[in-house]
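Trainee: Below is a structure I'd like to ask you about.
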Amino acid sequence: MRRLVLWVPLIVFAAFVAVVAINLYAPADRVIPSQMVGRPVPQFALPSAIEGRPGLSSARLSDGQPKVVNIFASWCIPCRAEAPQLEALARRGVPLEGIAVRDRPQDLAGFLAAYGDPFHSIGADNDRRVQLALGSAGVPETFVIDGRGIIRHQHIGAIMPQDVPAIIAAYEAAR
Amino acid sequence: MTWVPNPNLARRPWGRKSVFGFLLFGLLSLATPASADSLLPAAEYADTQLPDPAQERQAKALMETIRCLVCQGQAISDSDAEMAGDMRALIRQRIQAGESPQQIRAWLVERYGNWVTYDPPLEPVTWPLWGAPILFIFAGLWLARNRFKRRRRAS
Amino acid sequence: MIAEAGLAALWLAAALSLLQLFLGTAALREGGEAMLRVVRPVAVAQGVLAGLSFLFLIWLFLRTDLSVQLVAANSHSAKPWLYKFAGAWGNHEGSMLLWVTVLAVAGAAVALFERRLKQNTLIATLAAQAAIGLGFYAFLLFASNPFTRLSPVPVEGNGLNPLLQDPGLAFHPPTLYFGYVGISIAFSFAVGALVTRDVGPDFARAMRPWVLAAWIFLTLGITAGSYWAYYELGWGGWWFWDPVENASLMPWLAATALLHSVTVLATRDGLRAWTVMLAVVAFSMSMIGTFLVRSGILTSVHAFAVDPRRGAFILVLLFLYIGGALLLYGLRVGTVKEGSRFDFISREGALVVNNLLLTVILGVVLFGTIYPLVTEAFGEKLSIGPPYFNAAAGPVALILVVFMGAGAMLRWRSDRARELIGRLAIPVLITACALLLVVLLAPGIRILPLFGLVLAAGVGAASIAPLWKRNLRRTPLFIWGMVVAHLGIAVALAGMASEAAFTKETLIAARPGQTMGVGPYSVRFDSVEPVAGPNWTAVEARLTARRGEGSPFALRPQARMFSSPPTPTSEAAIVTVLDGQLYVAIGESDDQGRWQLRLWWKPAVTLIWLGGFMVAFGGLLALLGRVRRERRSARRLEEALA
C-alpha cells in the first residue's frame, strides 16, 4: 500500500501538466460572452442620444421584425474599424439600431459624421444599465434580435469583413 | 516582450492597475471589446457611499466579490476602470432600492455566467472545489495513521 | 562590450553547470577522489560567473546603455538611479537572470560551506543543482536573452512602469528570489539523498540551516510584497489570493512544513519520506509559480510576462525536473527504512499534524488557483477568489495556529494529556477573556475575524510559554527563535483579523474647505496644488487630520502622471499611529470642482507586516542558534579527540 501511495504525487503532477498543457496550446479566449443569448431582451427604454433621432426601447425590438443592435461609443477606437462593415450590413437591408454608451451628443455627432450613420435609432445608455442588462462586457458588441425580442446571436468586438456573412446568416435565421 | 501603454486611456487616479495587462490589450484590441474611458463623469454612486451604513456594508461586501469585466483579475471594488465604477453604482442603487445582495449577484450571473462572481457557487461543476479541503484533510489523516504508536494502557 | 561580456559569462556559467553535472555523476559512479575535489570549485566558479553576468546587466542599466534591447525597452535616462539599478530585474529577462544567478550562487554556497553532509551525497546534491541550472540557463540563453543588442540605437528608452518606480522594487524581488530559488537547495539535497540513499538524521541536520535561510528570505519577500502592494496600488488591501500571490505563498507553505519536518528527522529520525517529499514539493512549487507568472495562462494584475511560447519552455523544464524528482521518489523512498513512530501526544505528534494541515492548505491554494483551468476544458468559465480561499483555507489555518501554540508546549517523545491541559490553562483563559471582550465591544463582528482575534491572543500567550520557568540567559538561541517566530504568527493574525473587522472607509466627493470623518479622525480638505518630480507631475491634495483634541497633522496624497511611459498612478498618504494607519488617496475631480477622496482608518493593520518580520527574525535567531551550536559541538569534538 505504501508503495502505491508513493506514486500519488507523480500522478497528481501528471494531471497538473496535462491540464496546463491543454490550456497553453488551446488557450481560453478572454472574452466573456453574454448568457442572454436565447433569452428575451430585458425591458428598457433609452432616450435619444442625438437630436432628431428616436431613442431605443425594448418594445421596438419585439415589433415583429428582426433587428441588429450595435453597442458602440464615439470614444471607442475599434468602433471606427467596424463602420464600413455596418454600412455594408445597412446596404443589404439589415435594420440597424444603435446604443451609444456614455456619449455626449456633440461627440456622437462628430463620430457619425466621420464614420457614417447606418442606424435607425440611437439610444443613450449613459449609465451602462442596458449594456449590463444585455450581458455585454464592452464596446463594440453586436446583437441579432428576432422579431419576438429573443436575442439570437452575439458578436463580440469590431465586425471585420470576414464576420459579415455570419451576422447576415444569423439575421436571416432570425426571420 | 515589452508592454505598450494605451494612449487612449484617460487618467486613472487610484485602484489596482491592470498595467501589465496592457500588453494583452494591445494585441487583442481589435478582436475584443475596448476598455478605454468615456468623456462623461463617473456615475454618482461609483465613488460615493450610501447614506445608510448597514446598506453600504452590504454593498461593499458584494462589490468585493464581483469580478471586473474589463480588468486583468480584479474585483470591481478595487478597480478604477470606468465600467467597474458603473457596476458599483448599479450595485449601490439596487441595494438602496431594497434588493438583497444574493439577488443582485444572481442577476449578474444570469448575464455573465459564473465568471463574474469570485464566490464560486455550489453546483456540480464546483463540488470538487468545495469538497477539496475536507477530502485533503481525510486523505492526510489516513496517510498519517501509520506515524502514531498505539497508546499502551499504563500497566 | 559589457553586454557581450555578460552574455559570455552566462554561457561560461552554463558550460560549467554542464561540467558540474558531468563530473558529479562520474564521481558518484567511480568514487574517484580526484573528481570529488574538482566538483566543488566548479560549482563555486559557476556561481561567480553567473553573478558576474548579473552585475554586468546591472551596469548596463545603470549607464542606460540603449544599445541593449532590454535597457531600451525598460529604462530611461531620466529615471532616478535607484530605479535604474532595480529596474534591471523589473522585467522578464532581467528577473530570470536574477533567478538563475541565485540558483548558481546557492549551489556555490553549498559547495563552499557545507561540511556536515556525506561526501557522495554532497556531490549528488551539487550535480542535481547543476542539472536544474542547465535547463534554466537554456531557457535564458535561447528564449529570454537579456543581452541582445538593438540596432539602430534609440534616442531614449521606454522607461520603467511607474508602479515599479518604488523602493519596493529594490527589496521585494531579490529577497523573494533568495527564498523562492534558494529552496532549490533543499530540492537538490533531497534528490542527492535519494540517489545515495542517505535519508537520516545527519542529512536532516545538514539540510536544516539551508532550509531556514531560504525560508527566512521567502518570509521577508512575501511580507515586503504585501506591504508594497498595500501602499502602492492605493486600494488598501494587502492580499487578494491572486494567482501570482498564491504562487509565492505555496512554496512558503511547503517550506514551513519542511522546516518543521526536518527537525523531526534530525532529532527523532522520523518522517523520512515526508521530509524528502516536502523538500521536492517546496521547490516544485517555486518552479510552478515561475511558470504560472510568466506563461500568461492565468490572468493577474501581477503577471509580468505573457508569452505562451516561453510558458511552454518552462513547462517542459517542469515536466523534466519535477517529474524526474517524483519518479526518483517513487522508486527510491520505498527502500528508505521507515522512521520511528510517535505517541500522538508529543511534540512529534503535533508536528505531524502541523505538516498535515500545512499540506492541506497548500493543496487547497493550489487546487483553487488551478481549478478555473480545469473547468475551462469543460467550457465553463469560473472565477475563484477571496470568498473561496478565505472560506476553505481560513478555518484550516486557524486550527493550525492552535496546534502551533499547543505543540510548542509538548515534550519530545511522549507527553501526558493531563499535563498538556495544565500548561494550556492560561492560554485558554486568555482566549476566553479575549472572546468576552471582543463580543462585548464589537458585537457585529464576523466569525472568521472573531476567531482570528481571540486565537491570536491565546496562541500569542502560548507561544511565549516555552520560555516560562527557564533561565532566560541560558535558553538556547533557537528556542528564542521559535518563540519569536510563533509569536510573530499570532501578531500577524491579530493584524489580519483587526483589519478585516474594524476598517472604516469614507468615500466622498469633496470641495476644498470641506471636513469629513473617518474612524476617530476628522479630516479637513484644505487645497489642491500642482507638484512635480524628476519624471512625473502630480496633483497633490493638502489635508489636515485630527483625532479628537489631539494635534493636527498633514496628509498629502498625490495623483501622479509619469512621463515615460505616460501612466497615471496614485500615491496614497499613509500616517502610522500607535493603534493603526490612516490611509488617504485622491481621485479625479468632477466638473463642479469636487475631488474624489478615499479615506480609510485601519486599526492595527501594521501588525500584519510586523508579525511577518518577527517570523523572519525568529527564523534568523533559530539559524544563528543552530549554527552556533554546531560550531560549539564541532569544537568540543575536536578538543575531545586532541
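FYI, it's all coordinate maths here, none of it is from the lab. If you're wondering where the values come from, they're calculated on a predicted model, not measured in any experiment. Using ideal geometry, Cβ is built from the backbone for each residue, glycine included, and neighbour counts are taken over all protein chains shown.
Trainee: Quick one: is B:ALA132 surrounded by fewer than 17 Cβ atoms within 10 Å (Cβ to Cβ), over 17 Å from C:ARG598 (Cβ atoms) and of a type outside the set (S, T, N, Q)?
Mentor: Details: surrounded by fewer than 17 Cβ atoms within 10 Å (Cβ to Cβ): no; over 17 Å from C:ARG598 (Cβ atoms): yes; of a type outside the set (S, T, N, Q): yes.
Answer is no for this residue.
Trainee: Go through segment C:57-70 and count every residue that is surrounded by fewer than 23 Cβ atoms within 10 Å (Cβ to Cβ) and closer than 22 Å to C:VAL100 by Cα.
Mentor: At the first step, the residues of segment C:57-70 found to be surrounded by fewer than 23 Cβ atoms within 10 Å (Cβ to Cβ) are C:58-59, C:62-67, C:69.
Applying the additional criterion that residues be closer than 22 Å to C:VAL100 by Cα yields C:58-59, C:62, C:69.
Of the residues in that region, 4 qualify.
Trainee: Name the single residue that is farthest from A:ARG128 (Cα to Cα) among those in segment A:67-113 being in contact with a Phe, Trp or Tyr (Cβ under 8 Å, 6 or more places away or on another chain) and β-branched (Val, Ile, Thr).
Mentor: In this case the residue turns out to be A:VAL94.
Trainee: Same structure again: Quick check on A:ILE32: is it touching a residue at least 60 places away in the same chain (Cβ under 8 Å) and not in a loop (DSSP other than H, G, I, E, B)? Don't jump to the end; show me each part of the working.
Mentor: On the way: touching a residue at least 60 places away in the same chain (Cβ under 8 Å): yes; not in a loop (DSSP other than H, G, I, E, B): no.
Criteria not met by A:ILE32.
Trainee: Also, I was wondering about something else. Condition first: outside any strand (DSSP E or B) and in contact (Cβ under 8 Å) with a residue 24 or more places away in the chain. Now tell me which residues in segment A:41-52 satisfy that. Explain how you work it out, then say what you get.
Mentor: If we filter segment A:41-52 for residues that are outside any strand (DSSP E or B), which is where we start, we get A:41-44, A:46-47, A:49-52.
Listed by number, the residues that qualify are A:VAL41, A:PRO42, A:PHE44, A:LEU46, A:PRO47, A:ALA49, A:ILE50, A:GLU51.
Trainee: Pairs please, first residue from segment B:57-72 and facing another protein chain (nearest Cβ under 10 Å) and over 16 Å from C:GLY236 (Cβ atoms), second anywhere and among the charged types (D, E, K, R) and surrounded by fewer than 24 Cβ atoms within 10 Å (Cβ to Cβ), Cβ atoms under 6 Å, 6+ apart in sequence or on different chains.
Mentor: B:THR65/B:ASP119
Trainee: Which condition number does C:ARG629 fail, the rest of (1) over 30 Å from C:ALA485 (Cα atoms); (2) among the charged types (D, E, K, R); (3) out of contact with any strand residue (DSSP E or B) (no Cβ under 7 Å at 6 or more places or on another chain) being met?
Mentor: In the conditions (1) over 30 Å from C:ALA485 (Cα atoms); (2) among the charged types (D, E, K, R); (3) out of contact with any strand residue (DSSP E or B) (no Cβ under 7 Å at 6 or more places or on another chain), C:ARG629 misses (1) alone.
Trainee: Somewhere in segment B:83-98, is a residue within 11 Å of chain C (Cβ to nearest Cβ) and either under 30 Å from C:LEU356 (Cα atoms) or small (Gly, Ala, Ser) (or both)?
Mentor: As a first pass, look at segment B:83-98 and keep what is within 11 Å of chain C (Cβ to nearest Cβ): B:85, B:88, B:92.
After this cut, where a residue has to be either under 30 Å from C:LEU356 (Cα atoms) or small (Gly, Ala, Ser) (or both) as well, the list is B:85.
Yes.
Trainee: Here's a follow-up. Looking only at segment A:65-95, how many residues end up being assigned to a helix (DSSP H, G or I) and at the interface with chain B (Cβ under 10 Å from one of its Cβ atoms)? Give the derivation first.
Mentor: Let us first name the residues in segment A:65-95 that are assigned to a helix (DSSP H, G or I), namely A:77-91.
Then drop every residue that is not at the interface with chain B (Cβ under 10 Å from one of its Cβ atoms), which leaves A:77-79, A:81-82.
Within segment A:65-95, residues that are assigned to a helix (DSSP H, G or I) and at the interface with chain B (Cβ under 10 Å from one of its Cβ atoms) number 5.
Yes or no, residue by residue, for (1) crowded, with 21+ Cβ neighbours inside 10 Å; (2) within 30 Å of B:TYR45 (Cα to Cα); (3) over 16 Å from the mean Cα position of the chain (by Cα):
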{"position": "A:ALA59", "(1), (2), (3)": "no, yes, yes"}
{"position": "A:CYS79", "(1), (2), (3)": "yes, yes, no"}
{"position": "A:ILE99", "(1), (2), (3)": "yes, yes, no"}
{"position": "A:PRO105", "(1), (2), (3)": "no, yes, yes"}
{"position": "A:ILE122", "(1), (2), (3)": "yes, yes, no"}
{"position": "A:VAL130", "(1), (2), (3)": "yes, yes, no"}
{"position": "A:GLY138", "(1), (2), (3)": "yes, yes, no"}
{"position": "A:ILE150", "(1), (2), (3)": "no, no, no"}
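Trainee: Applying the selection to segment B:86-103, what residues are buried (at least 18 other Cβ atoms within 10 Å of the Cβ) and over 13 Å from B:LYS60 (Cα atoms)?
Mentor: Within segment B:86-103, B:ASP86 is the sole residue that qualifies.
Trainee: Only one of C:ILE489, C:ILE447 is surrounded by fewer than 20 Cβ atoms within 10 Å (Cβ to Cβ) and not small (Gly, Ala, Ser). Can you tell me which? Break it down stepwise before answering.
Mentor: Working: C:ILE489 fails: surrounded by fewer than 20 Cβ atoms within 10 Å (Cβ to Cβ).
It is C:ILE447.
Trainee: Also, I was wondering about something else. Looking for whichever is touching a helix residue (DSSP H, G or I) at 6+ places or on another chain (Cβ under 7 Å), hydrophobic (A, V, I, L, M, F, W, C) and under 19 Å from C:ILE322 (Cα atoms) here; the options are C:PHE178, C:PHE147, C:PHE187. Which one fits?
Mentor: Numbers: C:PHE178 fails: under 19 Å from C:ILE322 (Cα atoms); C:PHE147 fails: under 19 Å from C:ILE322 (Cα atoms).
After applying the criteria, what remains is C:PHE187.
Trainee: For segment C:406-428, name all the residues that are more than 34 Å from the chain's Cα centre (by Cα) and exposed (fewer than 15 other Cβ atoms within 10 Å of the Cβ).
Mentor: C:ARG416, C:ALA417, C:ARG418, C:GLU419, C:ILE421, C:GLY422, C:ALA425
Trainee: Please go through segment C:386-420 and give me each residue that is closer than 16 Å to C:ARG347 by Cβ and part of a helix (DSSP H, G or I), ordered by number. Spell out how you get there, then give the answer.
Mentor: Of the residues in segment C:386-420, the ones closer than 16 Å to C:ARG347 by Cβ are C:400, C:402-417, C:419-420.
Listed by number, the residues that qualify are C:LEU400, C:VAL402, C:PHE403, C:MET404, C:GLY405, C:ALA406, C:GLY407, C:ALA417, C:GLU419, C:LEU420.
Trainee: Can you name every residue in segment B:102-113 that is touching a residue at least 12 places away in the same chain (Cβ under 8 Å), within 12 Å of chain C (Cβ to nearest Cβ) and not aromatic (Phe, Trp, Tyr)?
Mentor: Correct list: B:ARG105, B:LEU108, B:VAL109.
Trainee: Kindly provide the set of residues from segment C:305-316 that are buried (at least 20 other Cβ atoms within 10 Å of the Cβ), within 11 Å of chain B (Cβ to nearest Cβ) and in contact (Cβ under 8 Å) with a residue 60 or more places away in the chain, ordered by number.
Mentor: C:ALA305, C:ARG310
Trainee: Which is touching a strand residue (DSSP E or B) at 6+ places or on another chain (Cβ under 8 Å), more than 11 Å from chain B (Cβ to nearest Cβ) and part of a strand (DSSP E or B), of A:GLY55, A:GLY98, A:GLY38? Show your work before the answer.
Mentor: Numbers: A:GLY55 fails: part of a strand (DSSP E or B); A:GLY38 fails: part of a strand (DSSP E or B).
Within the list A:GLY55, A:GLY98, A:GLY38, the selection yields A:GLY98.
Trainee: If you check C:ALA138, C:ALA73, C:ALA111, C:ALA124, which single one turns out to be under 24 Å from C:ARG205 (Cβ atoms) and surrounded by fewer than 24 Cβ atoms within 10 Å (Cβ to Cβ)?
Mentor: Going through C:ALA138, C:ALA73, C:ALA111, C:ALA124 in turn, the sole match is C:ALA111.
Trainee: Hey, another quick one. For C:ALA34, work out the one condition from (1) free of Cβ contacts under 8 Å to residues at least 40 places away in the same chain; (2) touching a Ser or Thr at 6+ places or on another chain (Cβ under 9 Å) it doesn't fulfil.
Mentor: Only one criterion in (1) free of Cβ contacts under 8 Å to residues at least 40 places away in the same chain; (2) touching a Ser or Thr at 6+ places or on another chain (Cβ under 9 Å) is unmet by C:ALA34, namely (2).
Trainee: With the condition kept exactly as written, say whether any residue in segment C:329-338 is in contact with a His (Cβ under 6 Å, 6 or more places away or on another chain) and buried (at least 17 other Cβ atoms within 10 Å of the Cβ).
Mentor: First, the residues of segment C:329-338 that are in contact with a His (Cβ under 6 Å, 6 or more places away or on another chain): none.
Within segment C:329-338 (the criterion being in contact with a His (Cβ under 6 Å, 6 or more places away or on another chain) and buried (at least 17 other Cβ atoms within 10 Å of the Cβ)), the answer is no, since none of the residues qualifies.
Trainee: While we're here: Out of all the residues in segment C:549-583, which are in a strand (DSSP E or B), within 14 Å of another protein chain (Cβ to nearest Cβ) and surrounded by 20 or more Cβ atoms within 10 Å (Cβ to Cβ)?
Mentor: In the first step, residues of segment C:549-583 are kept if they are in a strand (DSSP E or B); the result is C:553-555, C:558-562, C:567-571, C:573-577, C:580-583.
When the remaining residues are screened for being within 14 Å of another protein chain (Cβ to nearest Cβ), the result is C:558-562, C:567-571, C:573-574, C:583.
Correct list: C:GLN558, C:ALA559, C:ARG560, C:PHE562, C:THR567, C:PRO568, C:THR569, C:SER570, C:GLU571, C:ALA573, C:TYR583.
Trainee: Quick test of your reading of the structure: B:ALA75 fulfils all but one of (1) touching an Asp or Glu at 6+ places or on another chain (Cβ under 6 Å); (2) of a type outside the set (Val, Ile, Thr); (3) farther than 30 Å from A:ILE151 by Cβ. Name the failing condition by number.
Mentor: Condition not satisfied by B:ALA75: (3).
Trainee: Kindly indicate the residue of segment C:515-529 that is surrounded by 15 or more Cβ atoms within 10 Å (Cβ to Cβ) and over 17 Å from C:TRP600 (Cα atoms) and also nearest to the chain's Cα centre (by Cα) among those meeting that condition. So that I can check it myself, show each step before the final result.
Mentor: Within segment C:515-529, the first condition is being surrounded by 15 or more Cβ atoms within 10 Å (Cβ to Cβ), and the residues that meet it are C:516, C:518-526, C:528.
Among the residues that remain, those that are also over 17 Å from C:TRP600 (Cα atoms) are: C:526, C:528.
Numbers: C:ASP526: 41, C:VAL528: 39 Å.
Applying the filter and picking the extreme gives C:VAL528.
Trainee: Another question, then. Looking at A:LEU4, A:LEU24, A:LEU61, A:LEU10 in this structure, which one is part of a helix (DSSP H, G or I), under 23 Å from A:ARG148 (Cα atoms) and not β-branched (Val, Ile, Thr)? Give the steps one after another, and end with the answer.
Mentor: On the way: A:LEU4 fails: under 23 Å from A:ARG148 (Cα atoms); A:LEU24 fails: under 23 Å from A:ARG148 (Cα atoms); A:LEU10 fails: under 23 Å from A:ARG148 (Cα atoms).
Result: A:LEU61 is the single residue among A:LEU4, A:LEU24, A:LEU61, A:LEU10 that is part of a helix (DSSP H, G or I), under 23 Å from A:ARG148 (Cα atoms) and not β-branched (Val, Ile, Thr).
Trainee: In addition: Could you check segment C:585-614 and list, in sequence order, the residues that are β-branched (Val, Ile, Thr), surrounded by 23 or more Cβ atoms within 10 Å (Cβ to Cβ) and within 30 Å of C:ALA490 (Cβ to Cβ)?
Mentor: So in segment C:585-614, the residues β-branched (Val, Ile, Thr) come out as C:586, C:605-606, C:608.
If we keep only those that are surrounded by 23 or more Cβ atoms within 10 Å (Cβ to Cβ) too, we end up with C:586, C:605, C:608.
Within segment C:585-614, C:VAL605, C:ILE608 qualify.
Trainee: Let me ask something else about it. Out of all the residues in segment C:154-196, which are outside any helix (DSSP H, G or I) and either closer than 18 Å to C:ALA266 by Cβ or touching a Pro at 6+ places or on another chain (Cβ under 8 Å) (or both)? Quick ask: steps written out before the conclusion?
Mentor: Our first condition is that a residue be outside any helix (DSSP H, G or I); within segment C:154-196, this holds for C:154-161, C:165-166, C:181-183.
Across segment C:154-196, the qualifying residues are C:ASN158, C:GLY159, C:ASN161, C:GLN165, C:ILE183.
Trainee: Please go through segment A:104-155 and give me each residue that is in a strand (DSSP E or B), touching a Pro at 6+ places or on another chain (Cβ under 6 Å) and more than 14 Å from every other protein chain (Cβ to nearest Cβ), ordered by number.
Mentor: Within segment A:104-155, just A:ILE150 meets the criteria.
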